[in-house]
1. Take segment 469-495 and flag every residue that is outside any helix (DSSP H, G or I) and of a type in the set (A, V, I, L, M).
2. Can you tell me how many residues in segment 109-140 are touching a residue at least 12 places away in the same chain (Cβ under 8 Å) and under 20 Å from Glu177 (Cβ atoms)?
3. From the residues in segment 273-296 that are modelled with pLDDT of 95 or more and within 24 Å of the chain's Cα centre (by Cα), which one is nearest to Ala446 (Cα to Cα)?
4. Which residues, counting only those in segment 140-193, are part of a helix (DSSP H, G or I), under 22 Å from Ala8 (Cβ atoms) and at pLDDT below 85?
5. Do we have any residue at all in segment 353-374 that's outside the structural domain of Ser46 (by TED's automatic domain parsing), part of a loop (DSSP other than H, G, I, E, B) and crowded, with 16+ Cβ neighbours inside 10 Å?
6. How many residues does segment 340-389 hold that are among the aromatic types (Phe, Trp, Tyr) and under 14 Å from Gln404 (Cα atoms)?
7. Name the residue, out of Ala223, Ala206, Ala235, that is within 21 Å of Val25 (Cα to Cα), at pLDDT 85 or above and in contact with a helix residue (DSSP H, G or I) (Cβ under 8 Å, 6 or more places away or on another chain).
Amino acid sequence: MTTPPVLALRNVSKSFGPVEVLHDVDLALAAGSVHALIGENGAGKSTTMKILAGYQPPTAGRVELNGQPVTFDSLQDGEAAGIVMIHQEFNLAEQLTVEQNIFLGRELKRGMLLDKGEMRRLSREYLSRVACDVSPDALVSELSNSEKQMVEIAKALSRDARVLIMDEPTAVLTNRETDVLFRQIAVLRDAGTAILFTSHKLDEVAAISDRITIMRDGDVVHAGPTGDLTEDAMATAMVGRDVSDLYPVKPSVAATAPVVLNVDSLSVPGFAKGVSFDVRQGEMFGIGGLIGSGRTELMEGLAGLRPASAARIELFDRPVRFRHPGDAQRAGLCYLTEDRKLRGLLLERGMRENLTLANLHKFGGMLIDRAAEEEALTRAIAEFDIRAGARDVRVGNMSGGNQQKLLLAKTMLSEPRVLIVDEPTRGIDIGTKQQIYAFLRRLADAGHAIIVITSEMPELIGLADRILVMRLGRISGLLTEGDITEDAIVRLSMGMRAEQTPEVA
(Lines give C-alpha, C1' and ligand atoms only; values in the text may rest on other atoms or scores of the structure.)
Protein backbone atom coordinates (compact mmCIF):
# COMPACT_ATOMS: atom_id res chain seq x y z
CA MET A 1 0.00 0.00 0.00
CA THR A 2 1.39 3.39 -0.98
CA THR A 3 2.10 5.71 1.93
CA PRO A 4 0.14 8.96 1.50
CA PRO A 5 2.06 12.25 1.51
CA VAL A 6 2.37 13.96 4.87
CA LEU A 7 0.80 17.14 3.52
CA ALA A 8 -0.89 17.80 0.18
CA LEU A 9 -3.03 20.24 -1.77
CA ARG A 10 -5.69 18.76 -4.03
CA ASN A 11 -7.19 20.96 -6.77
CA VAL A 12 -6.73 24.05 -4.62
CA SER A 13 -7.84 27.43 -5.92
CA LYS A 14 -7.63 30.75 -4.08
CA SER A 15 -9.37 34.03 -4.82
CA PHE A 16 -9.00 37.47 -3.29
CA GLY A 17 -12.27 39.18 -4.18
CA PRO A 18 -12.85 38.71 -7.91
CA VAL A 19 -9.18 37.88 -8.61
CA GLU A 20 -8.25 34.18 -8.64
CA VAL A 21 -4.55 33.80 -7.86
CA LEU A 22 -4.32 29.97 -7.68
CA HIS A 23 -5.93 27.62 -10.19
CA ASP A 24 -6.44 23.93 -9.31
CA VAL A 25 -3.03 23.50 -7.66
CA ASP A 26 -1.84 20.01 -6.73
CA LEU A 27 1.20 19.62 -4.50
CA ALA A 28 2.28 16.67 -2.34
CA LEU A 29 5.04 16.64 0.30
CA ALA A 30 6.51 13.26 1.24
CA ALA A 31 8.24 12.35 4.50
CA GLY A 32 12.03 12.30 4.24
CA SER A 33 12.09 14.39 1.05
CA VAL A 34 13.00 17.94 0.03
CA HIS A 35 10.48 19.41 -2.39
CA ALA A 36 11.36 22.66 -4.20
CA LEU A 37 8.66 25.16 -5.15
CA ILE A 38 9.83 27.77 -7.65
CA GLY A 39 8.32 30.42 -9.89
CA GLU A 40 8.46 34.11 -10.67
CA ASN A 41 7.42 36.66 -8.06
CA GLY A 42 3.63 36.71 -8.25
CA ALA A 43 3.40 33.13 -9.53
CA GLY A 44 1.46 32.04 -6.42
CA LYS A 45 4.19 30.45 -4.32
CA SER A 46 3.58 32.49 -1.18
CA THR A 47 -0.16 31.90 -1.27
CA THR A 48 0.43 28.18 -1.78
CA MET A 49 2.76 28.04 1.23
CA LYS A 50 0.37 30.01 3.42
CA ILE A 51 -2.48 27.61 2.63
CA LEU A 52 -0.27 24.63 3.46
CA ALA A 53 0.74 26.19 6.79
CA GLY A 54 -2.76 27.25 7.85
CA TYR A 55 -2.35 31.00 7.38
CA GLN A 56 -5.06 31.14 4.73
CA PRO A 57 -7.92 28.82 3.75
CA PRO A 58 -8.35 27.69 0.14
CA THR A 59 -11.33 29.05 -1.79
CA ALA A 60 -11.82 25.65 -3.45
CA GLY A 61 -10.18 22.24 -3.23
CA ARG A 62 -8.81 20.70 -0.05
CA VAL A 63 -5.76 20.31 2.16
CA GLU A 64 -4.85 16.75 3.18
CA LEU A 65 -2.81 15.66 6.19
CA ASN A 66 -1.67 12.02 6.00
CA GLY A 67 -4.21 11.42 3.26
CA GLN A 68 -7.19 12.83 5.20
CA PRO A 69 -8.91 16.16 4.54
CA VAL A 70 -8.08 18.76 7.17
CA THR A 71 -9.09 22.34 7.89
CA PHE A 72 -6.72 24.77 9.57
CA ASP A 73 -8.43 27.80 11.08
CA SER A 74 -5.16 29.48 11.97
CA LEU A 75 -1.41 29.12 11.86
CA GLN A 76 -1.63 27.75 15.42
CA ASP A 77 -3.70 24.86 14.04
CA GLY A 78 -1.00 24.24 11.45
CA GLU A 79 1.79 24.31 14.05
CA ALA A 80 -0.22 21.98 16.32
CA ALA A 81 -0.26 19.51 13.41
CA GLY A 82 3.54 19.78 13.12
CA ILE A 83 3.70 22.24 10.21
CA VAL A 84 6.22 25.08 10.69
CA MET A 85 6.93 27.88 8.23
CA ILE A 86 10.09 30.00 8.10
CA HIS A 87 9.09 33.30 6.50
CA GLN A 88 11.12 35.32 4.04
CA GLU A 89 10.27 38.38 6.14
CA PHE A 90 11.57 37.90 9.67
CA ASN A 91 8.87 36.93 12.14
CA LEU A 92 10.82 37.91 15.24
CA ALA A 93 10.11 40.28 18.13
CA GLU A 94 12.94 42.80 17.74
CA GLN A 95 12.99 44.01 21.36
CA LEU A 96 13.13 40.53 22.88
CA THR A 97 16.21 38.36 23.29
CA VAL A 98 17.12 35.45 21.05
CA GLU A 99 16.09 32.99 23.77
CA GLN A 100 12.76 34.74 24.33
CA ASN A 101 12.03 34.61 20.60
CA ILE A 102 12.82 30.91 20.33
CA PHE A 103 10.34 30.04 23.10
CA LEU A 104 7.83 32.86 22.63
CA GLY A 105 4.36 31.47 23.36
CA ARG A 106 5.81 28.08 24.30
CA GLU A 107 7.78 28.96 27.40
CA LEU A 108 9.01 26.03 29.48
CA LYS A 109 7.94 25.91 33.10
CA ARG A 110 8.97 24.15 36.26
CA GLY A 111 5.89 24.25 38.41
CA MET A 112 4.57 27.81 38.38
CA LEU A 113 7.91 29.34 37.38
CA LEU A 114 9.69 29.65 34.06
CA ASP A 115 12.42 27.03 33.58
CA LYS A 116 15.02 29.55 32.44
CA GLY A 117 17.91 27.12 32.79
CA GLU A 118 16.39 24.57 30.41
CA MET A 119 15.36 27.25 27.90
CA ARG A 120 18.91 28.61 28.00
CA ARG A 121 20.40 25.15 27.45
CA LEU A 122 18.06 24.34 24.56
CA SER A 123 18.57 27.77 22.96
CA ARG A 124 22.30 27.16 22.87
CA GLU A 125 21.72 23.68 21.41
CA TYR A 126 19.45 24.94 18.59
CA LEU A 127 21.81 27.82 17.79
CA SER A 128 24.75 25.41 17.76
CA ARG A 129 22.96 23.15 15.26
CA VAL A 130 22.92 26.02 12.75
CA ALA A 131 26.42 27.24 13.74
CA CYS A 132 25.00 30.59 14.88
CA ASP A 133 27.47 32.16 17.28
CA VAL A 134 25.17 34.63 19.04
CA SER A 135 24.28 34.82 22.71
CA PRO A 136 20.79 33.71 23.80
CA ASP A 137 20.76 37.03 25.72
CA ALA A 138 21.36 39.17 22.62
CA LEU A 139 18.54 41.46 21.53
CA VAL A 140 17.26 40.52 18.09
CA SER A 141 17.32 44.19 17.08
CA GLU A 142 21.11 44.14 17.45
CA LEU A 143 21.66 41.18 15.10
CA SER A 144 22.61 41.26 11.42
CA ASN A 145 20.10 40.06 8.84
CA SER A 146 21.94 36.78 8.36
CA GLU A 147 22.02 36.19 12.14
CA LYS A 148 18.29 36.90 12.34
CA GLN A 149 17.68 34.32 9.61
CA MET A 150 19.66 31.69 11.50
CA VAL A 151 17.66 32.50 14.66
CA GLU A 152 14.47 31.97 12.64
CA ILE A 153 15.79 28.57 11.58
CA ALA A 154 16.82 27.69 15.16
CA LYS A 155 13.33 28.70 16.30
CA ALA A 156 11.81 26.38 13.70
CA LEU A 157 14.04 23.51 14.83
CA SER A 158 12.69 23.95 18.36
CA ARG A 159 9.20 23.12 17.05
CA ASP A 160 10.20 19.55 16.12
CA ALA A 161 8.35 19.93 12.82
CA ARG A 162 6.94 17.09 10.74
CA VAL A 163 6.67 19.51 7.82
CA LEU A 164 9.09 22.44 7.44
CA ILE A 165 8.22 25.14 4.89
CA MET A 166 11.17 27.42 4.04
CA ASP A 167 10.47 30.63 2.13
CA GLU A 168 13.73 31.96 0.61
CA PRO A 169 15.81 30.92 3.65
CA THR A 170 19.18 31.69 2.00
CA ALA A 171 18.38 35.16 0.63
CA VAL A 172 20.47 36.93 3.29
CA LEU A 173 22.91 34.14 4.16
CA THR A 174 26.58 33.92 3.29
CA ASN A 175 27.88 30.89 1.40
CA ARG A 176 29.20 29.42 4.65
CA GLU A 177 25.85 29.91 6.39
CA THR A 178 24.05 28.38 3.41
CA ASP A 179 26.29 25.31 3.63
CA VAL A 180 25.43 24.97 7.34
CA LEU A 181 21.74 25.26 6.55
CA PHE A 182 21.93 22.63 3.82
CA ARG A 183 23.64 20.22 6.19
CA GLN A 184 20.84 20.76 8.71
CA ILE A 185 18.22 20.23 6.00
CA ALA A 186 19.88 16.92 5.12
CA VAL A 187 19.75 15.85 8.79
CA LEU A 188 16.04 16.73 9.01
CA ARG A 189 15.27 14.96 5.73
CA ASP A 190 17.08 11.82 6.86
CA ALA A 191 15.07 11.92 10.11
CA GLY A 192 11.82 11.84 8.11
CA THR A 193 10.84 15.50 7.96
CA ALA A 194 9.01 16.67 4.83
CA ILE A 195 10.61 19.91 3.63
CA LEU A 196 9.27 22.48 1.17
CA PHE A 197 12.06 24.76 -0.04
CA THR A 198 11.65 27.89 -2.15
CA SER A 199 14.54 29.85 -3.64
CA HIS A 200 15.28 32.00 -6.65
CA LYS A 201 18.80 30.54 -6.69
CA LEU A 202 18.37 27.66 -9.09
CA ASP A 203 21.77 26.15 -8.30
CA GLU A 204 20.54 25.73 -4.72
CA VAL A 205 17.32 24.13 -5.92
CA ALA A 206 19.29 21.65 -8.02
CA ALA A 207 21.65 20.87 -5.14
CA ILE A 208 19.19 20.38 -2.28
CA SER A 209 15.84 19.15 -3.63
CA ASP A 210 14.54 15.71 -4.61
CA ARG A 211 11.39 16.86 -6.40
CA ILE A 212 10.31 20.16 -7.90
CA THR A 213 7.06 21.98 -8.62
CA ILE A 214 7.17 25.02 -10.91
CA MET A 215 4.40 27.63 -10.90
CA ARG A 216 3.54 30.36 -13.34
CA ASP A 217 0.61 32.79 -13.04
CA GLY A 218 -1.12 30.67 -10.40
CA ASP A 219 -0.82 27.38 -12.31
CA VAL A 220 1.47 24.39 -11.82
CA VAL A 221 3.38 24.13 -15.10
CA HIS A 222 5.75 21.32 -14.12
CA ALA A 223 6.05 18.73 -11.36
CA GLY A 224 8.54 15.87 -11.11
CA PRO A 225 12.02 14.81 -10.02
CA THR A 226 14.48 17.72 -9.83
CA GLY A 227 17.10 15.73 -11.71
CA ASP A 228 14.92 15.73 -14.84
CA LEU A 229 15.55 19.45 -15.39
CA THR A 230 18.62 21.55 -16.03
CA GLU A 231 18.78 24.99 -14.44
CA ASP A 232 18.08 26.55 -17.86
CA ALA A 233 14.98 24.37 -18.24
CA MET A 234 13.79 25.42 -14.77
CA ALA A 235 14.21 29.09 -15.67
CA THR A 236 12.41 28.72 -18.99
CA ALA A 237 9.49 26.93 -17.33
CA MET A 238 9.25 29.65 -14.69
CA VAL A 239 9.05 32.62 -17.04
CA GLY A 240 7.70 31.04 -20.22
CA ARG A 241 10.55 32.38 -22.32
CA ASP A 242 14.25 31.79 -22.89
CA VAL A 243 16.40 33.47 -20.24
CA SER A 244 19.75 32.01 -21.28
CA ASP A 245 20.91 35.56 -22.11
CA LEU A 246 20.37 36.73 -18.55
CA TYR A 247 22.96 39.52 -18.61
CA PRO A 248 22.93 42.23 -21.28
CA VAL A 249 25.98 42.74 -23.49
CA LYS A 250 28.64 44.90 -21.85
CA PRO A 251 30.09 47.47 -24.26
CA SER A 252 33.59 48.55 -23.33
CA VAL A 253 33.77 51.85 -21.51
CA ALA A 254 36.29 54.08 -23.26
CA ALA A 255 39.36 55.00 -21.24
CA THR A 256 38.68 58.59 -22.31
CA ALA A 257 35.15 58.59 -20.83
CA PRO A 258 34.91 61.42 -18.32
CA VAL A 259 35.20 60.60 -14.62
CA VAL A 260 31.91 61.64 -12.96
CA LEU A 261 32.71 60.53 -9.41
CA ASN A 262 36.14 60.68 -7.78
CA VAL A 263 36.52 59.52 -4.18
CA ASP A 264 39.79 60.07 -2.29
CA SER A 265 40.34 58.32 1.08
CA LEU A 266 36.73 57.86 2.16
CA SER A 267 36.38 56.49 5.70
CA VAL A 268 33.30 55.41 7.64
CA PRO A 269 34.08 54.97 11.36
CA GLY A 270 34.01 51.32 12.36
CA PHE A 271 33.42 50.04 8.83
CA ALA A 272 35.79 51.39 6.16
CA LYS A 273 39.07 53.30 6.06
CA GLY A 274 40.89 55.17 3.32
CA VAL A 275 38.95 53.87 0.30
CA SER A 276 39.66 55.61 -3.02
CA PHE A 277 38.11 54.98 -6.44
CA ASP A 278 36.61 56.69 -9.45
CA VAL A 279 33.63 55.94 -11.68
CA ARG A 280 33.30 56.96 -15.32
CA GLN A 281 30.31 58.08 -17.32
CA GLY A 282 28.44 55.11 -18.77
CA GLU A 283 30.23 52.64 -16.47
CA MET A 284 28.77 49.83 -14.38
CA PHE A 285 31.15 49.81 -11.41
CA GLY A 286 30.90 46.73 -9.17
CA ILE A 287 31.78 46.48 -5.48
CA GLY A 288 32.41 42.96 -4.17
CA GLY A 289 33.66 41.33 -1.02
CA LEU A 290 32.32 39.18 1.77
CA ILE A 291 29.38 40.26 3.90
CA GLY A 292 30.90 42.40 6.63
CA SER A 293 33.66 43.78 4.40
CA GLY A 294 32.23 47.30 4.67
CA ARG A 295 30.73 47.55 1.17
CA THR A 296 27.27 48.78 2.14
CA GLU A 297 28.46 51.04 4.94
CA LEU A 298 31.01 52.67 2.60
CA MET A 299 28.30 53.60 0.10
CA GLU A 300 25.94 54.73 2.84
CA GLY A 301 28.71 57.02 4.06
CA LEU A 302 29.21 58.37 0.54
CA ALA A 303 25.46 59.04 0.14
CA GLY A 304 25.07 60.86 3.47
CA LEU A 305 23.36 58.02 5.33
CA ARG A 306 26.25 57.53 7.79
CA PRO A 307 28.89 59.81 9.28
CA ALA A 308 31.93 59.75 6.98
CA SER A 309 35.06 61.68 6.16
CA ALA A 310 37.21 61.94 3.06
CA ALA A 311 40.24 63.81 1.78
CA ARG A 312 38.15 64.83 -1.23
CA ILE A 313 35.02 63.77 -3.10
CA GLU A 314 34.29 65.21 -6.54
CA LEU A 315 31.00 64.78 -8.37
CA PHE A 316 30.97 66.11 -11.95
CA ASP A 317 34.27 67.90 -11.27
CA ARG A 318 32.89 69.76 -8.24
CA PRO A 319 33.94 69.06 -4.65
CA VAL A 320 31.03 67.79 -2.56
CA ARG A 321 30.34 66.58 0.97
CA PHE A 322 26.99 64.96 1.72
CA ARG A 323 25.76 65.18 5.30
CA HIS A 324 22.25 64.01 4.41
CA PRO A 325 20.89 61.84 1.57
CA GLY A 326 18.88 64.86 0.41
CA ASP A 327 22.17 66.66 -0.29
CA ALA A 328 23.31 63.76 -2.47
CA GLN A 329 19.95 63.56 -4.23
CA ARG A 330 20.00 67.24 -5.14
CA ALA A 331 23.56 66.85 -6.48
CA GLY A 332 22.54 63.94 -8.72
CA LEU A 333 23.59 60.88 -6.66
CA CYS A 334 21.06 58.42 -5.23
CA TYR A 335 21.40 55.26 -3.17
CA LEU A 336 18.94 52.35 -3.54
CA THR A 337 18.95 50.44 -0.26
CA GLU A 338 19.52 46.69 0.10
CA ASP A 339 16.58 46.48 2.55
CA ARG A 340 13.50 47.42 0.59
CA LYS A 341 11.07 46.29 3.30
CA LEU A 342 12.46 48.12 6.32
CA ARG A 343 14.27 51.09 4.78
CA GLY A 344 13.06 51.47 1.21
CA LEU A 345 9.27 51.28 1.22
CA LEU A 346 6.28 51.99 3.45
CA LEU A 347 4.64 48.57 3.37
CA GLU A 348 1.34 49.76 4.87
CA ARG A 349 0.82 52.41 2.18
CA GLY A 350 -0.03 52.28 -1.51
CA MET A 351 2.14 52.51 -4.61
CA ARG A 352 1.44 56.19 -5.26
CA GLU A 353 2.53 57.34 -1.81
CA ASN A 354 5.68 55.24 -1.97
CA LEU A 355 6.61 56.38 -5.46
CA THR A 356 6.41 60.12 -4.79
CA LEU A 357 7.34 60.42 -1.10
CA ALA A 358 10.97 61.44 -1.68
CA ASN A 359 10.00 63.94 -4.39
CA LEU A 360 6.83 65.61 -3.13
CA HIS A 361 8.28 68.99 -4.11
CA LYS A 362 7.70 67.97 -7.72
CA PHE A 363 3.99 67.52 -7.10
CA GLY A 364 2.97 70.82 -5.55
CA GLY A 365 3.67 73.09 -2.61
CA MET A 366 1.21 73.33 0.27
CA LEU A 367 -1.19 71.08 -1.62
CA ILE A 368 -0.17 67.90 -3.43
CA ASP A 369 -1.34 67.46 -7.03
CA ARG A 370 -2.88 63.97 -6.78
CA ALA A 371 -3.57 63.87 -10.52
CA ALA A 372 0.12 64.48 -11.27
CA GLU A 373 1.05 61.74 -8.78
CA GLU A 374 -1.31 59.32 -10.51
CA GLU A 375 0.22 60.21 -13.89
CA ALA A 376 3.69 59.50 -12.48
CA LEU A 377 2.46 56.15 -11.16
CA THR A 378 0.98 55.27 -14.54
CA ARG A 379 4.33 55.97 -16.21
CA ALA A 380 6.24 53.98 -13.57
CA ILE A 381 3.93 50.97 -13.90
CA ALA A 382 4.49 50.95 -17.66
CA GLU A 383 8.23 51.70 -17.65
CA PHE A 384 9.16 49.24 -14.89
CA ASP A 385 6.51 46.62 -15.65
CA ILE A 386 5.11 46.76 -12.11
CA ARG A 387 2.43 44.12 -11.77
CA ALA A 388 -0.17 44.45 -9.02
CA GLY A 389 -3.81 43.49 -8.72
CA ALA A 390 -4.88 47.13 -8.32
CA ARG A 391 -3.29 50.57 -8.28
CA ASP A 392 -4.26 51.08 -4.64
CA VAL A 393 -2.80 47.77 -3.47
CA ARG A 394 -0.99 47.83 -0.13
CA VAL A 395 2.71 47.61 -1.02
CA GLY A 396 3.27 44.96 1.66
CA ASN A 397 0.94 42.66 -0.31
CA MET A 398 2.98 42.96 -3.51
CA SER A 399 5.53 40.34 -4.52
CA GLY A 400 9.19 40.98 -3.76
CA GLY A 401 10.06 41.55 -7.41
CA ASN A 402 7.34 44.15 -7.88
CA GLN A 403 8.35 45.85 -4.63
CA GLN A 404 11.89 46.10 -5.96
CA LYS A 405 10.72 47.54 -9.27
CA LEU A 406 8.63 50.11 -7.38
CA LEU A 407 11.67 51.03 -5.27
CA LEU A 408 13.74 51.46 -8.43
CA ALA A 409 11.00 53.64 -9.96
CA LYS A 410 10.90 55.72 -6.75
CA THR A 411 14.66 56.22 -6.88
CA MET A 412 14.68 57.14 -10.57
CA LEU A 413 12.02 59.79 -9.96
CA SER A 414 14.87 61.79 -8.40
CA GLU A 415 16.62 61.71 -11.82
CA PRO A 416 20.04 60.61 -10.53
CA ARG A 417 23.06 60.78 -12.80
CA VAL A 418 24.99 58.49 -10.45
CA LEU A 419 22.98 55.57 -9.08
CA ILE A 420 24.16 53.25 -6.30
CA VAL A 421 22.18 49.99 -6.17
CA ASP A 422 22.78 47.67 -3.21
CA GLU A 423 21.79 44.00 -3.67
CA PRO A 424 19.43 44.97 -6.52
CA THR A 425 17.96 41.48 -7.05
CA ARG A 426 17.98 39.86 -3.60
CA GLY A 427 14.99 37.53 -3.25
CA ILE A 428 13.85 38.13 -6.83
CA ASP A 429 12.99 35.60 -9.53
CA ILE A 430 15.12 35.14 -12.62
CA GLY A 431 12.66 36.82 -14.99
CA THR A 432 12.53 40.01 -12.91
CA LYS A 433 16.31 39.90 -12.54
CA GLN A 434 16.61 39.93 -16.32
CA GLN A 435 14.35 43.01 -16.47
CA ILE A 436 16.34 44.88 -13.81
CA TYR A 437 19.67 44.01 -15.42
CA ALA A 438 18.42 45.30 -18.78
CA PHE A 439 17.17 48.53 -17.19
CA LEU A 440 20.49 49.18 -15.43
CA ARG A 441 22.41 48.55 -18.66
CA ARG A 442 20.13 50.97 -20.54
CA LEU A 443 20.87 53.61 -17.90
CA ALA A 444 24.61 53.06 -18.29
CA ASP A 445 24.35 53.15 -22.07
CA ALA A 446 22.51 56.47 -21.77
CA GLY A 447 25.46 57.95 -19.85
CA HIS A 448 24.54 57.34 -16.22
CA ALA A 449 27.15 55.94 -13.86
CA ILE A 450 25.98 52.88 -11.93
CA ILE A 451 27.59 51.44 -8.78
CA VAL A 452 26.42 47.89 -8.05
CA ILE A 453 26.99 46.21 -4.68
CA THR A 454 26.10 42.52 -4.73
CA SER A 455 26.88 39.28 -2.92
CA GLU A 456 25.94 37.20 -5.99
CA MET A 457 29.12 36.35 -7.86
CA PRO A 458 27.50 35.71 -11.28
CA GLU A 459 25.67 39.04 -10.99
CA LEU A 460 28.85 40.91 -10.15
CA ILE A 461 30.73 39.35 -13.07
CA GLY A 462 27.80 39.61 -15.49
CA LEU A 463 27.14 43.31 -14.89
CA ALA A 464 30.32 45.12 -13.87
CA ASP A 465 32.85 46.74 -16.19
CA ARG A 466 35.31 47.04 -13.28
CA ILE A 467 35.13 45.52 -9.80
CA LEU A 468 36.46 46.97 -6.55
CA VAL A 469 36.92 44.14 -4.01
CA MET A 470 36.84 45.02 -0.32
CA ARG A 471 38.08 43.15 2.72
CA LEU A 472 37.93 44.23 6.36
CA GLY A 473 36.94 47.78 5.39
CA ARG A 474 39.80 48.35 2.95
CA ILE A 475 40.45 47.87 -0.75
CA SER A 476 41.78 44.39 -1.46
CA GLY A 477 42.07 44.90 -5.21
CA LEU A 478 40.61 46.43 -8.36
CA LEU A 479 39.77 44.15 -11.29
CA THR A 480 39.44 45.43 -14.84
CA GLU A 481 37.81 43.81 -17.85
CA GLY A 482 40.38 41.14 -18.65
CA ASP A 483 41.00 40.20 -15.00
CA ILE A 484 37.40 39.67 -13.85
CA THR A 485 37.00 36.03 -12.84
CA GLU A 486 35.31 34.28 -9.94
CA ASP A 487 38.66 32.96 -8.74
CA ALA A 488 40.19 36.44 -8.70
CA ILE A 489 37.25 37.92 -6.75
CA VAL A 490 37.29 35.10 -4.19
CA ARG A 491 41.04 35.39 -3.66
CA LEU A 492 40.86 39.13 -3.13
CA SER A 493 37.85 38.75 -0.82
CA MET A 494 39.87 36.32 1.29
CA GLY A 495 43.00 38.49 1.30
CA MET A 496 44.92 36.32 -1.19
CA ARG A 497 47.10 37.29 -4.13
CA ALA A 498 47.76 34.91 -7.01
CA GLU A 499 48.66 31.59 -5.34
CA GLN A 500 49.33 33.08 -1.94
CA THR A 501 47.80 31.72 1.25
CA PRO A 502 45.32 33.92 3.15
CA GLU A 503 46.55 36.78 5.28
CA VAL A 504 46.19 36.46 9.02
CA ALA A 505 43.54 39.03 9.99
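The values are calculated or read from the model by the stated rules, or taken from the named source; none is laboratory data. This structure is a prediction, so every number in the text was calculated from the model and none was measured. Here the Cβ is made from the backbone with ideal geometry for all residues, glycine too, and neighbour counts use every protein chain on show.
1. If the condition is that a residue be outside any helix (DSSP H, G or I) and of a type in the set (A, V, I, L, M), then Val469, Met470, Leu472, Ile475, Leu478, Leu479, Ile484, Met494 are the ones that fit.
2. 13
3. Met284
4. Residue satisfying the conditions is Ala156 alone.
5. No, every residue in segment 353-374 fails to be outside the structural domain of Ser46 (by TED's automatic domain parsing), part of a loop (DSSP other than H, G, I, E, B) and crowded, with 16+ Cβ neighbours inside 10 Å.
6. Qualifying residue count, segment 340-389: 1.
7. When all the criteria are applied, what remains is Ala235.
Quick grid of which residues meet (1) surrounded by fewer than 17 Cβ atoms within 10 Å (Cβ to Cβ); (2) of a type in the set (A, V, I, L, M); (3) without any contact (Cβ under 8 Å) to a residue 12 or more places away in the chain:
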position: Pro57; (1), (2), (3): yes, no, no
position: Pro69; (1), (2), (3): yes, no, yes
position: Glu147; (1), (2), (3): no, no, no
position: Arg162; (1), (2), (3): no, no, no
